[in-house]
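Below is one structure, written out as structure tokens; the observations come after it.
The values are calculated or read from the model by the stated rules, or taken from the named source; none is laboratory data. In this text the structure is predicted, and so the values were computed from the model without any measurement. Because the Cβ atoms are built from the backbone with ideal geometry, glycine has one as well, and the counts that use them run over all protein chains shown.
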Amino acid sequence: MVTRKKPIKRRAEPAMPTKEDEEESKRDVPKDLLVIAQEVKIVRALACNDVTKRNRQVRKLRKWFKLRANSSFSFTEDDFLRIWKGLYYNMWMSDKPLVQEDLAEQLAQMVDSFDGNTTCSLAYFSAFMRVMCQEWFGIDQWRMDKFLMLVRRMLRYCLRVLKQSKWSKDLIDIFNRQMKESVLADQPKSRGMTMHYLDIFFEELAKAANGEITSSQVNLFLRPFVTYMGTQRDVKLVAQCRTRVLYHLLYQSELGREYSEKYSAWKEMGFPTASIDDVEKLDSGFDEEMDDEEDEEKKSSQLSLDPRAGNVDVQMPELPLNADAVLDELQNLLRTQDYNAKRRKGLRKIIQIFETYKSGEFPLGVREMPKPDGQTLSELIEQKVHDADKVEEEVFGTGRKLKKLNKAKRKRLLQSINFDEVDEDNYDEIINQALPAELKKKVKRNAKARKSMQKSWLVEEVKEDEQQEQTEQQETQKQRQDEEQEDNPPPKKKSKKAKTTQVQQKEEESKSNGWEDPLQAGEQEFFIPSRKEQTKEANTKFQLSTPKPNKSTLQFATPQPPSVTGSSSKKRVRIMTKCNSAYPKSDYYRQLKLSPQLPYDADRVPGKSALKPHVLPGPIHPNYKGAKRLFNDTL
């Protein structure tokens, strides 16, 4: 037997690539694609599920920013957008508040990691704001707080970079232009992001500046917000910009802080005066310079930029405000732009507010509190209650007094009055005169009792000597009364029983009952039992007629159907399935044509009530003066 070998398939195995081949392949690929591939690799590491890989890549990213900023291949805005996509999901994945705060601080510190290149720092912040505007609607309520914190930290470190450049006008213009393209655009992508930016901008500017900024530099930051109020069509964003930017700058000024201190003191005192200008600040007499030095030492030792638990407050320094620059910008908008009447009215109102601020008076807040003259709130309440009682007495006084009498006395009183002399004016007087004296006495007694109850709650100091004297006097009085009673015994009272027996005898004699007289001729006596005895007899007869079953004979058995008389065989039921037939569509269409209305309408009210009238309607009270309805009104 001949065995054949299987043919061996030979394949061309690729040779191992050498370093020279790799260098040649890299030369063929352009540098732009290599940089993009490197960025994609970084983004994947930043957005992965592994915490250690994410943290390691965040630490490497700061060094990579420094190397890339010093290289010939500079950053572009698209590069930062790609990197921020990974950083966004890195923040998305982070959990626990302290971990989130640490990560937000690390990402914000990367603004200054470009080796002094401020343009790259501003581009890094601009890309972050664009990504946040795009992804704002994808953030759920459980992750919203950490992203709001991230926006605040990023803005804080970006303003610090501008402070390091000594608030350069060119850099501030670049910053404002980038914000107009993202968060301060005319057609905002996310209203919530814009509102948060308006809330925090000048707070973070005050923290970053720490008093090292001039009014002209503040006006450079303020200019885009003023133009935003003129160009924005969203009413809510305009109101937010007005209150959180312009009014905030007024309240944080020296006049605003003085007003807020005065108003808080005025409110704590309970608004004692009608105007806030009547409240003045008094010198405490202590050495305020020593207190200021101690406060400065505390500030230098403990500086906190965010409020925390444990009564950790944030003290923001004042931003200098030049009202003339704001007025010039607003008036320029009114001259150059074509606004509607409503927008012009709002801008003119803001101009008036800044003009009053310029004159040295704070234009916002409550200045006057209306106060009633002469009487307090408790006195007014007592007066109103007294007036209400008086009106009630005038309207219902005589009627209430008449109701206190019984029916017979009321009838007698009304018969005694001559109604020919009664008018609408003297009706109450005549009835009060006709009322019995006892009822008037009761009214007076009640008034006296009320007064005595009110006066009874008087507390007086009683000394021990006076108490002893009072007790001795009481004992002597008791002894005298006992002696007098022994000498002069009281007269005996006549018994009431004798009087009552005499009265009863007279009544019995006067009342003669015909039933007690003897029978006359032709009369017969019949005994008619009471209704109660008749019902008892009927019940006993009924109980005797119905036999009681024996307990021993009772047995449980399966129930049997009742036998039908006249038919010996059981009844059978036949189900004829041949008569079943399908319902044709033609009948359905014909029925729709006959009754084209909807088969069910939820909004339709029933034509007739489902309740049927009773055969015998309920009795109606004769004094009821309601609308008389028909017997079959429900139909």
Going residue by residue through region 101-121, is there one that turns out to be without any contact (Cβ under 8 Å) to a residue 24 or more places away in the chain and closer than 23 Å to N49 by Cβ? yes
For region 106-147, enumerate the residues that are among the charged types (D, E, K, R) and either under 25 Å from R191 (Cα atoms) or outside the structural domain of N176 (by TED's automatic domain parsing) (or both). R130, E135, D140, R143, D145, K146
Can you tell me which residues in region 329-387 are farther than 28 Å from Y259 by Cα and among the basic types (K, R)? R335, K342, R343, R344, K384
Just the residues that are among the hydrophobic types (A, V, I, L, M, F, W, C), over 45 Å from the mean Cα position of the chain (by Cα) and part of a loop (DSSP other than H, G, I, E, B), please, taken from region 39-92. F73, F75
Failed condition for E268, given (1) without any contact (Cβ under 8 Å) to a residue 12 or more places away in the chain; (2) touching a strand residue (DSSP E or B) at 6+ places or on another chain (Cβ under 9 Å), with all others met? (2)
Checking L98 against (1) assigned to a loop (DSSP other than H, G, I, E, B); (2) surrounded by fewer than 15 Cβ atoms within 10 Å (Cβ to Cβ), the condition it does not meet: (1)
The lone condition L171 fails out of (1) within 32 Å of the chain's Cα centre (by Cα); (2) crowded, with 16+ Cβ neighbours inside 10 Å is (1)
Considering residues that are of a type in the set (V, I, T) and modelled with pLDDT of 90 or more, the number found within region 313-351 is 3
Here is a check on your reading of the model: is S215 modelled with pLDDT under 95, over 23 Å from V245 (Cβ atoms) and over 37 Å from the mean Cα position of the chain (by Cα)? no
